[in-house]
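Engineer: Mind looking over this structure? Questions follow.
The values are calculated or read from the model by the stated rules, or taken from the named source; none is laboratory data. Note that the coordinates shown come from a computational prediction; the quantities given were computed from them, not determined experimentally. All Cβ positions, glycine included, derive from the backbone under ideal geometry; neighbour counts span all protein chains shown. Surface accessibility is based on the protein's heavy atoms, side chains included, excluding ligands, DNA and RNA. Shrake-Rupley method; radii C 1.70, N 1.55, O 1.52, S 1.80 Å.
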Amino acid sequence: MKKVCQVMNPKVVTISPDKGIEHAIRLMDQHGVGSLLVVQNNVLKGILTSKDIRKHDRNRLTWDVMTPNPIVINENANIVEAIQVMENHCIEHLPVVDEERKLLGLITKKDILGLFGSFTDPLTGLPWGTLLKHMAKDLLLNGNDLVILFLDLDDFGLFNKRFGHVIGDKIIVCFSKMLKRVCDPEYDLPGRYAGDEFLVISKRNQEEAKKLAVKILNEPINIEGVPEVRVSIGIAGGRRKELRDTNSVEHMIDELLNLASRASTEAKSTRVKLVVA
Amino acid sequence: MEKNKTITLSMNITEFEMPPMRDVIVIGVAAPIGPEAARKMVEALSPEQYEVLIVEHEKVEALVVRKPILQLIDKSKLVSEILEEVSKIMTPKIVLRISLNVSLNITKTFNE
């Protein structure tokens, strides 16, 4: 997973906090930018946007108009963390700093989307399994234990054949929306694995994961003119009391994923709906 | 035809008081200077004599107060009294200066 420092733009337009707003306006016009990073002794002090300028008298110093202590990201964070920060705070630009808050560059949503876009499913907006596995790795390395829910839509191939792929896509979208609604972003990371298969990587324990699975099973997926869509769920993990060995994190995730996938196949074949590995 | 052009120069000369500020400066939220500019100004003209107080008010952004005043009267009390009075005449775009007189009246009674 690429780090922010590998993707950022190191050339940023900055201004000293002691400069006046007239100077800031000239800089913005000169560089064709809508915001300036306010820097003193290489340390990021604030951000000045054209919106800030419109609210104040042009005679003012940058100090008195800027937004102090903007949201930043550490140079060693990965691009997934960067996107999460941007989405949580509804921002498009993120200054990149080192441990001492010295400004190193700027990363924008546009910079990441080209890379990130390949990691998300354009139909549902959910991350693909590849990205989810990276997120799972980060969670484990940060000391969280994981449980994986593997969700497989029942008889989906028949839906596509009988009602057409357009209806099939609608079902996938409908299911994804339900999944996003039911999952708690504090604990759960929903994603699309492939075709009619979905994943939820969760920080819950197994008991809580079962409750989530039951909640999902009880949510009807109804498309007009189409019989109700059902899902089979397999669960693996969420029972350890100690931290897992972080040396084999990727192997651990693959193992859990396999267990959950096989459990969902068993749920489907036995019509049990939910199986715990 | 005679042409006569004269220039008249009129000057009004007064002393620039040092320091030029009074006891309190009241900075409006949309005033031409902000608290940091005011802080730099008072520090340059009268080092360590003034304190900048940022306030939560619809028209006032900050007060710059001469420090000795704050030794005679509680800070929050002073701020609330000033804000109460200036908000009646204040607009967000202006900077006001206030001269303050603070006197302490003490009466003691004791049994002889």
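Engineer: Give a quick list of GluC sites (Glu not before Pro) in the range A:66-112 that DSSP marks as loop, anything other than H, G, I, E or B, with at most 13 other Cβ atoms within 10 Å.
Structural biologist: Those satisfying the criteria are A:E92, A:E99, A:E100.
Engineer: Also: Report the semi-axes of the equivalent ellipsoid for the range A:186-277 in whole Å, largest first, where each axis is √(5λ) for an eigenvalue λ of the Cα gyration tensor.
Structural biologist: Largest first, the range A:186-277 gives 26, 14, 13 Å.
Engineer: Could you give the size of the charge dipole of chain A about its Cα centre, using +1 on the Cβ of each K and R and -1 on the Cβ of each D and E, expressed in debye and rounded to the nearest 20?
Structural biologist: Charge dipole of chain A: 340 debye, to the nearest 20.
Engineer: Rounding to the nearest 20 debye, state how big the charge dipole of the range B:23-78 is about its Cα centre with +1 on each Lys and Arg Cβ and -1 on each Asp and Glu Cβ.
Structural biologist: So the magnitude is around 120 debye.
Engineer: What number do you get for the range A:12-70 when its Cα radius of gyration is normalised by 2.2 N^0.38 Å, N = residues?
Structural biologist: 0.96
Engineer: Further question: From the C-alpha coordinates alone, can you work out the Kirkwood hydrodynamic radius of the protein assembly as shown, in Å?
Structural biologist: After inverting the pairwise mean of 1/r, the radius is 26.8 Å.
Engineer: Give me the accessible area per residue for chain A, probe 1.4 Å, as a whole number in Å².
Structural biologist: Accessible area per residue, chain A: 53 Å².
Engineer: OK, next. Of all DSSP beta bridges located in the protein assembly as shown, what percent are antiparallel, nearest 5?
Structural biologist: 85
Engineer: Leaving out ligands, DNA and RNA, what percent of the accessible area of the protein assembly as shown is carbon and sulfur, probe 1.4 Å?
Structural biologist: Whole-percent figure for carbon plus sulfur exposure: 50.
Engineer: How long, wide and thick is the range A:80-164, going by the Cα atoms along their three principal axes, in whole angstroms, largest first?
Structural biologist: Extents along the principal axes: 59, 31, 19 Å.
Engineer: The range A:63-109: which residues show an accessible-area loss of 30 Å² or more, assembly versus chain alone, 1.4 Å probe?
Structural biologist: A:W63, A:D64
Engineer: Shifting gears a bit: At a Cα cut-off below 18 Å, give the aspartates and glutamates reachable from A:K203, other chains included and same-chain residues fewer than 8 away excluded.
Structural biologist: A:E81, A:D138, A:D145, A:D184, A:E186, A:D188, A:E242, A:D245, A:E250, A:D254, A:E255
Engineer: How big is Rg to Rh over the range B:1-93, alpha-carbon atoms, Rh as the Kirkwood inverse-mean-distance radius?
Structural biologist: Reported Rg/Rh (Cα atoms, Kirkwood Rh): 1.24.
Engineer: Just name one of A:N222, A:Y187, A:L199: the one whose Cα is farthest towards the positive end of the charge dipole of the range A:119-251 (beta-carbon charges, Lys/Arg +1, Asp/Glu -1).
Structural biologist: Result: A:Y187, furthest along the dipole toward the positive end.
Engineer: Still on this model: Restricting things to alpha carbons, tell me how big the range A:1-41 is in terms of Rg and Dmax, in Å.
Structural biologist: 12.8, 42
Engineer: Same structure again: Taking only Cα atoms of the range A:11-129, what ratio of Rg to Rh do you get with Rh as the Kirkwood inverse-distance radius?
Structural biologist: We get a ratio of 1.04 for the range A:11-129.
Engineer: Which of B:T6, B:Q71, B:L83 sits closest to the plus end of the dipole of chain B, meaning its Cα is farthest towards the positive end, when Lys and Arg get +1 and Asp and Glu get -1 on the C-beta?
Structural biologist: Result: B:T6, furthest along the dipole toward the positive end.
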